[in-house]
Amino acid sequence: MTTYKLLLLPGDGIGPEVMAQVERVVGALGELGIASFETETDLVGGAAIDVHGKPLADETLARADAADAILLGAVGGPKWNGVAYDIRPEAGLLRLRKDLGLFANLRPALCYPALADASALKRELVEGLDIMIVRELTGGVYFGEPKEITVQADGSKRAVDTQVYTTAEIERIAHVAFDLARKRSGRVASAEKHNVMKSGVLWKEVVTKVHAEHYTDVQLEHILADNCAMQLVRRPKQFDVLVTDNLFGDILSDAAAMLTGSLGMLPSASLGAVDARGTRKALYEPVHGSAPDIAGQDIANPLAMIGSLAMCLRYSFGLGEAADLLDGAITAALAGGARTKDIAGAGAKVLGTAGMGEAVIAAL
Ligand code: NAI
Ligand code: MG
């Protein structure tokens, strides 16, 4: 069995608590002969600021570059609210994404049968829901230049952000979406606003071309991003893979997240380009932050972090069966009544962070 090198970056707040459960699951996967890992742990975010004076040390970045995959907990917290903007905890995460070229952010919105009543929508609208949002992560309006606030002649201010996309940037994210769709239900919806944005015109044109040249077996639908937001809350099960830009993806993936219940349930993957050896840089992390309000109390839900490990097995190592086993263990633990506080309905027996980790390992 291949032994994969994982870099663990627990970070701040509940990050180390949920990462501790992943370490136990990693151990169990090894003992059960399902998958074998060598792990190394390093600092990111506020924890790194405290030691190195910056949220991502160069040697940590080098370790991240050398690892087969990176698992990250969460960064930030009130302790570091006063630090300079350039070295705030989040800057460490942004640098990892940028320097490793992690351009494709995969965010599944999956409704577990046992939790269908925790959704913001009615059970019948979300039961069986399984959407994969593919968000472009390193381009668009968050990074385009010019990006500035200037003072005008009359003393008032003017703010500019610039949405920029190139053919190559759209092509590579389109390939990620179509490849995923082939392994799922074979449908892609591409969301943009070509009716009012030039970048939307190019987005639609390039996605259409990639589809026609390489993926005619996949069904492609174009949808305006605002209509997409409406459809996500009206009839979410119409979507399978949803590909969109950085800004729309940020908003649509948060909306989709709330269809499934708690932030504590949502994993994510951020993937880079496939290199000459056929491997790709990848970082896996829960969608939630460091949750300082519940840190240190053994109540954080570790399932988003454990689900991120399952995504790592699937997307970095091609261990689809092992990923299915781990996802199945999460589903089984929930079906058996395991609940952390954030997903506990009335009358449920509530487990702590470690208790939920145990329930998943027992199911595994
Ligand atoms: P948050 O996601 O940390 O928490 C929002 C709410 O959800 C809180 O009430 C929290 O208790 C709850 N929650 C989050 N994860 C949970 C879990 N696993 N189990 C149970 N409940 C959970 O977002 P917030 O409060 O806006 O930010 C807190 C800090 O985290 C800030 O410093 C923020 O900058 C940082 N942050 C970091 C992110 C990252 O590392 N990727 C993402 C979002 C925020
Ligand atoms: Mg967001």
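The values are calculated or read from the model by the stated rules, or taken from the named source; none is laboratory data. Please read these numbers as outputs of a predicted model, since none were measured by experiment. Quick reminder, even Gly has a Cβ in these numbers, built from the backbone with ideal geometry, and neighbours come from all protein chains shown.
How many residues are over 24 Å from THR244 (Cα atoms) and either touching a strand residue (DSSP E or B) at 6+ places or on another chain (Cβ under 7 Å) or at pLDDT 95 or above (or both) if we restrict to the range 119-167?
Qualifying residue count for the region: 12.
Restricting the search to the range 236-259, which residues are away from ligand 1 (no atom under 16 Å from the Cβ), surrounded by fewer than 23 Cβ atoms within 10 Å (Cβ to Cβ) and under 17 Å from PHE143 (Cβ atoms)?
Result: LEU247, single match.
Tell me, yes or no, whether the range 299-310 has at least one residue that is touching a residue at least 40 places away in the same chain (Cβ under 8 Å) and either over 19 Å from the mean Cα position of the chain (by Cα) or away from ligand 1 (no atom under 16 Å from the Cβ) (or both).
For the range 299-310, residues touching a residue at least 40 places away in the same chain (Cβ under 8 Å) and either over 19 Å from the mean Cα position of the chain (by Cα) or away from ligand 1 (no atom under 16 Å from the Cβ) (or both): present.
Could you check the range 56-87 and list, in sequence order, the residues that are within 16 Å of ligand 2 (Cβ to nearest atom) and in contact with a Phe, Trp or Tyr (Cβ under 8 Å, 6 or more places away or on another chain)?
The answer is LEU72, and nothing else.
Check whether at least one residue in the range 290-300 is among the hydroxyl-bearing types (Ser, Thr, Tyr), part of a loop (DSSP other than H, G, I, E, B) and more than 23 Å from SER316 (Cα to Cα), and report yes or no. I'd like the intermediate steps shown before the answer.
Just the residues of the range 290-300 that are among the hydroxyl-bearing types (Ser, Thr, Tyr), to begin with: 290.
Then keep just the ones that are part of a loop (DSSP other than H, G, I, E, B); that gives 290.
Imposing the further condition that a residue be more than 23 Å from SER316 (Cα to Cα) reduces the set to 290.
Yes - at least one qualifying residue is present in the range 290-300.
Residues that are under 30 Å from LEU334 (Cβ atoms) and either hydroxyl-bearing (Ser, Thr, Tyr) or surrounded by 21 or more Cβ atoms within 10 Å (Cβ to Cβ) (or both): does the range 137-154 have at least one?
Checking the range 137-154: at least one residue is under 30 Å from LEU334 (Cβ atoms) and either hydroxyl-bearing (Ser, Thr, Tyr) or surrounded by 21 or more Cβ atoms within 10 Å (Cβ to Cβ) (or both).
Might you check whether a residue that is surrounded by fewer than 16 Cβ atoms within 10 Å (Cβ to Cβ) and in the same structural domain as GLY272 (by TED's automatic domain parsing) occurs anywhere in the range 3-15? Break it down into steps so the answer makes sense when it comes.
Kept after step one, since they are surrounded by fewer than 16 Cβ atoms within 10 Å (Cβ to Cβ), are these residues of the range 3-15: 3, 5.
Imposing the further condition that a residue be in the same structural domain as GLY272 (by TED's automatic domain parsing) reduces the set to 3, 5.
Yes, the range 3-15 has at least one match.
Name the pairs: first residue in the range 50-73 and over 20 Å from GLU23 (Cα atoms), second residue among the hydroxyl-bearing types (Ser, Thr, Tyr) and more than 16 Å from ligand 2 (Cβ to nearest atom), Cβ to Cβ under 9 Å, at least 6 apart or on different chains?
Correct list of pairs: HIS52/THR60.
Suppose we keep only residues that are of a type in the set (S, T, N, Q) and modelled with pLDDT of 95 or more within the range 1-56. Which one would you say is nearest to the chain's Cα centre (by Cα)?
GLN21
Have a look at SER185, SER190, SER199 and point out the one that is of a type in the set (Ser, Thr, Tyr) and at pLDDT below 95.
SER185
All but one of (1) modelled with pLDDT of 95 or more; (2) surrounded by 19 or more Cβ atoms within 10 Å (Cβ to Cβ) hold for ALA295, so report the exception by its number.
Just one mismatch for ALA295, condition (2).
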